[in-house]
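Take a look at the structure set out below.
FYI, it's all coordinate maths here, none of it is from the lab. Just so it is clear, the model here is predicted, and its values are computed rather than measured. Using ideal geometry, Cβ is built from the backbone for each residue, glycine included, and neighbour counts are taken over all protein chains shown.
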Amino acid sequence: MADQRNEEHTSEATTISGGHLVARALKAEGIDVIFTLCGGHIIDIYDGCVDEGIDVIDVRHEQVAAHAADGYARITGRPGCAVVTAGPGTTDAVTGIANAYRAESPMLVIGGQGALSQHKMGSLQDLPHVDMIAPISKFAATVPHTERVADMVSMAFREALNGAPGPSFLEIPRDILDARVPVERARIPVAGRYRASTRQAGDPAAIERLAELLVRSEKPSILLGNQVWTTRATQSAIDLVRALNVPAYMNGAGRGTLPPGDPHHFQLSRRYAFTNSDLIVIVGTPFDFRMGYGRRLSPDATVVQIDLSYATVGKNRDIDLGIVGDADVILSSVLQATSAFSDNGAQGRKAWLEELRAQERAALDKRAALLHSDATPIHPYRLVHEINEFLTEDSIYIGDGGDIVTFSGQVVQPKSPGHWMDPGPLGTLGVGVPFVMAAKYARPDKEVVALFGDGAFSLTGWDFETLVRFNLPFVGVIGNNSSMNQIRYGQIAKYGEARGNVGNTLGDVRYSEFARMLGGYGEEVRDPAEIGPALRRARESGKPSLINVWIDPDVYAPGTRNQTMYK
Ligand SMILES: Cc1ncc(C[n+]2csc(CCOP(=O)(O)OP(=O)(O)O)c2C)c(N)n1
């Protein structure tokens, strides 16, 4: 009997289960948390996480788990991880995977699956997950054997980080996950030894050419896009625009690369700049709808595009020069290459910067009155202005909604790099609460401020409870117009007032009471003078909070009125 126990002990010690192999491979990638909703197919992964000291944040909907993994990647620069069960658990996560795919956010989603031994027999929650997810991920595969579990997790990370990053999906059948294999038969990745650096340097000849174009340009402009943050190119970008005196525009996660008030920070004169520049450098953002597919750039300008993805450079629009690689490495090499010129032309560009600054001032003057409007219901411009005033250098700002977030895109300026989060080009409503979860978990030292449309909040709002349960305080603001206004505007414009309110109106919900019911802090605000004080009380509460601000449902952001998103 004693011998038998001994033997069992030895085999336990020298074998390892699939779930524990997952946890070992996650640990090697530096992942310290998984976002998940439980299911019988995946419990061995939780057991592995207990051993490896990986936190388990359990949410109320798998879409939230996937968005949180996306948000974690954006904040930390390391891939995020969501673990979801087979069938409906995985289908619920699909939106989060798709959002990360369009936003170029690296993450791994692990889905359960029925036992391989019951393949296609009609097991509980069986679905063809890999077929479903392949078109919206960089890599989607089934793990065929327990020995391969950790190896395939590392493969999934390699694929997620290949070129422009994105999501990977692994389906692990239940019997593969639960089985034990001898440790020496499994490839267990060692940190830093299963993939190369992602810092690709770009073609040296192209870098020299861009340096010369910049030095010779009289009216250059640069767009610092998402990948400036992805590749942590903040300092290189700042050094370049300062040394060469180049006006910089920022979008997506690139917002905040330069602080507001910086002489090279421009926001409201982009169209003017792109119409009048002789050189336009686009860094790490595709020519998609947000860029008018490249059509809004002057046909006479020299256009340079830098991107992590070979497939993105030159897509939708001809370019004069393309450079594929890491924005940080490329921008610093370009600056270095400009030192070969005795005069980099910076002085000569002063008048150009002044011309753009005058455009900015005119645009600011035009809307100044609305930013300070005392109207009730509250004007959305007043709300976003108050939020902008409230943000500090340590506030990570998250926008989740339609029209109200379009307003905020024009007014709210993050004060630091990496402190702006929006869904990205998929335009997914419901990212707000999961992004709060990821941001506050990963950076407890930061304040997280989120602005929701009432429609957007409703999609994933129940996970406010998860924020309470895990003690993840944030300042939440709902721009409540009791409708899905961005869509409502288009319907009214097309079908008239009488038929325009179909399928787009919401109830008058007091979200502050919802917050309080779940253990958070909440206030209703109808007076514009109360927005600032209410935000400060939310901050001081130290709890997850919702300030429900009643805004005018009959005014719309300029972007919504022009329907620019469909053009
Ligand atoms: C998941 C998802 N469903 C639907 C849409 C389409 N959509 C875009 S904006 C919008 C209205 C959002 O309403 P709300 O969040 O209340 O913001 P508002 O426009 O009223 O400011 C909708 C439904 C979407 N982008 N994402």
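Laid out as a table, the results:
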read-out: Extension gain, THR275 back to PHE470 (0.36 nm per residue minus Cα-Cα distance, nm); value: 65.3 nm
read-out: Modelled FRET efficiency - R0 60 Å, ALA369 with ALA340, Cβ distances, 0.05 increments; value: 0.75
read-out: Cut-off 11 Å between beta-carbons: net charge of the residues surrounding VAL324, Lys and Arg +1, Asp and Glu -1; value: -3
read-out: Cβ-based exposure ranking for GLU355, GLU184, GLU497, in which fewest neighbours within 10 Å come first; value: GLU497, GLU184, GLU355
read-out: Ranked by how many other beta carbons lie within 10 Å on average, peptides 380-389, 334-343, 318-327 from highest; value: 380-389, 318-327, 334-343
read-out: Förster-model FRET efficiency, 51 Å R0, ALA243 and GLN118, C-beta, rounded to 0.05; value: 0.20
read-out: Paramagnetic reach from GLU212 (point 7 Å along Cα→Cβ, amide N under 13 Å) across the range 306-347; value: 338, 340-341
read-out: Rounded to whole Å, sorted largest first: equivalent-ellipsoid semi-axes of the range 289-380, Cα gyration tensor; value: 35, 22, 14
read-out: Proximal aspartates and glutamates to LYS415, defined as alpha-carbon separation beneath 20 angstrom and excluding residues fewer than eight positions away on the same chain; value: ASP239, ASP262, GLU360, GLU386, GLU389, GLU393, ASP394, ASP400, ASP445, GLU447
read-out: Packing rank of 43-51, 423-431, where each peptide gets the mean count of other beta carbons within 10 Å, highest leading; value: 423-431, 43-51
read-out: Sum of side-chain charges, ALA362 neighbourhood, beta-carbon under 15 Å (Lys, Arg +1; Asp, Glu -1); value: +2
read-out: Whole-number percent relative contact order across the range 379-469, with pairs defined as alpha carbons under 8 Å at least 6 apart; value: 35
read-out: Relative contact order %, the range 204-357, counting alpha carbon pairs below 8 Å whose residues are six or more apart; value: 32
read-out: Highest-first arrangement of 473-482, 366-375, 523-532, where packing means the average Cβ count within 10 Å; value: 473-482, 523-532, 366-375
read-out: Extension reserve of the ASP131-ASP554 stretch, reckoned as 0.36 nm per residue once the Cα distance is removed; value: 147.9 nm
read-out: The range 236-328: chymotrypsin sites (Phe, Trp or Tyr not before Pro) in DSSP loop, at most 16 other beta carbons within 10 Å; value: TYR310
read-out: Spacing of the two label points (7 Å from each Cα toward its C-beta) at ASP300 and MET565, in nm; value: 3.5
read-out: Above-threshold pairs, the threshold being 22 Å between Cα atoms, out of LYS138/LYS315; LYS27/LYS446; LYS366/LYS567; value: LYS27/LYS446; LYS366/LYS567
read-out: Net lengthening on full extension, ASP178/ASP527 (0.36 nm per residue, minus Cα-Cα); value: 119.9 nm
read-out: Column: log10 I(q)/I(0), Debye, Cα scatterers of the chain, q = 0.05, 0.06, 0.07, 0.12 Å⁻¹; value: -0.23, -0.33, -0.44, -1.18
read-out: Relative contact order (%) - criterion: Cα under 8 Å, at least six apart; region: the range 144-269; value: 19
read-out: Sum of -39500 (n - 2.57) over DSSP H runs of 4+, divided by residues of the chain (222 nm, nearest 500); value: -12500 deg cm²/dmol
